[in-house]
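The structure that follows is given in the form of structure tokens.
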Amino acid sequence: MPRWIRNNALSITMLGAFFVFLSLQSVFGWQTHNEELAEYGAQPISWLAYLGTGHFAESVFENWESEFLQMGGYVLLTAYLVQRGSAESKPEGQTDRPEDDERRAGPDSPWPARVGGLPLKVYRNSLSLALLLIFAGSFVGHLLGGVAQYNEEQALQSGAAPISAWQFLGTSDFWFQSMQNWQSEFLAVGALILLSIVLRQHGSPESKPVTVEHAQTGA
């Protein structure tokens, strides 16, 4: 196996799976959407046209929104909160002082860590900021895709006038879509946090070593 592939195998595999499943989602979503159009006597659309519909955008961004909210919130919360015995928690009593970052910075450290000041302050929180910004973008994508799909459904069903994105934001439909995903994401993370106290997966950085006591906190 070439070294570059071996060194990046995890991200290549995850992103490869993402593109495969996203492509399959678009195909099955296209077929489902055309079936729905046929029920109302409307003409089917092409696959490329489907990619620009609210039906596709809503289904994609609705899930991205919940995933990145969960990941961004998790990264941020684990900086301040601990769970005794969990591999997903930093050890109890561990302190992370800002001045320690400047003291430990060396010539091979990232540029913000070497220069200090404002760049370092931003960089110290850059992971959670990036994840939460992607969440915000996905939230807007879900909203815009959702209102486009909602207006299309209303037009097909009753010929009702379209509503604005701001009006759709106030509907129970939009928040039902969001909450059904948000709750499942936080349940999954909570389950991982608690199960990692007593269960193990040999070789995984998300698990404590097989032989350590349950009370050990952190991987």
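As an exercise, identify the chymotrypsin sites (Phe, Trp or Tyr not before Pro) in region 35-68 lying in DSSP coil whose Cβ has no more than 11 other Cβ atoms within 10 Å.
Listed in order of number, the matching sites are Y40.
Who wins for biggest fluctuation among L15, L195, L48 in a Gaussian network model of the chain, springs between alpha carbons below 10 Å?
Fluctuation is largest for L15.
Ok, one more. Leaving out ligands and nucleic acids, note down the accessible area per residue over the chain with a 1.4 angstrom probe, in whole Å². Let's see the in-between values first.
Values: 14070 Å² over 219 residues.
Spelled out: the 1.4 Å probe surface of the chain, per residue, equals 64 Å².
Let me ask something additional. For every helix of n ≥ 4 consecutive DSSP H residues, a contribution of -39,500 (n - 2.57) applies; sum these over the chain, divide by its total residues, and give [θ] at 222 nm rounded to the nearest 500 deg cm²/dmol.
After summing the helix terms and dividing by the residues of the chain, the value is -22000 deg cm²/dmol.
In addition: Considering only A49, L120, A160, whose Cα is most displaced toward the positive end of the charge dipole of the chain, charges sitting on Cβ of Lys, Arg (+1) and Asp, Glu (-1)?
The residue sitting farthest along the positive end of the dipole is L120.
Follow-up question, since we're still on this one. What's the angle, to the nearest 10 degrees (0 to 90), between helix 54-77's Cα axis and the longest principal axis of the chain?
20 degrees
Considering only protein heavy atoms and a probe of 1.4 Å, how much of the accessible area of the chain is carbon and sulfur, as a whole percent?
On the way: 9210 of 14070 Å².
For the chain, the apolar C and S fraction of the accessible surface comes to 65 percent.
If you count only protein heavy atoms and use a 1.4 Å probe, how large is the accessible surface of H214, to the nearest 10 Å²?
Only protein atoms counted, so the area is about 100 Å².
Can I ask one more? For log10 I(q)/I(0) by the Debye sum over Cα atoms at q = 0.09 Å⁻¹, the choices are (i) -0.36; (ii) -0.57; (iii) -0.40; which was calculated from the structure?
Here the calculated entry is (ii).
The values are calculated or read from the model by the stated rules, or taken from the named source; none is laboratory data. In this text, all values refer to a predicted model and were calculated from it rather than measured experimentally. Because the Cβ atoms are built from the backbone with ideal geometry, glycine has one as well, and the counts that use them run over all protein chains shown. Ligands, DNA and RNA are excluded from the accessible area calculation, which covers all protein heavy atoms including side chains. Shrake-Rupley method; radii C 1.70, N 1.55, O 1.52, S 1.80 Å.
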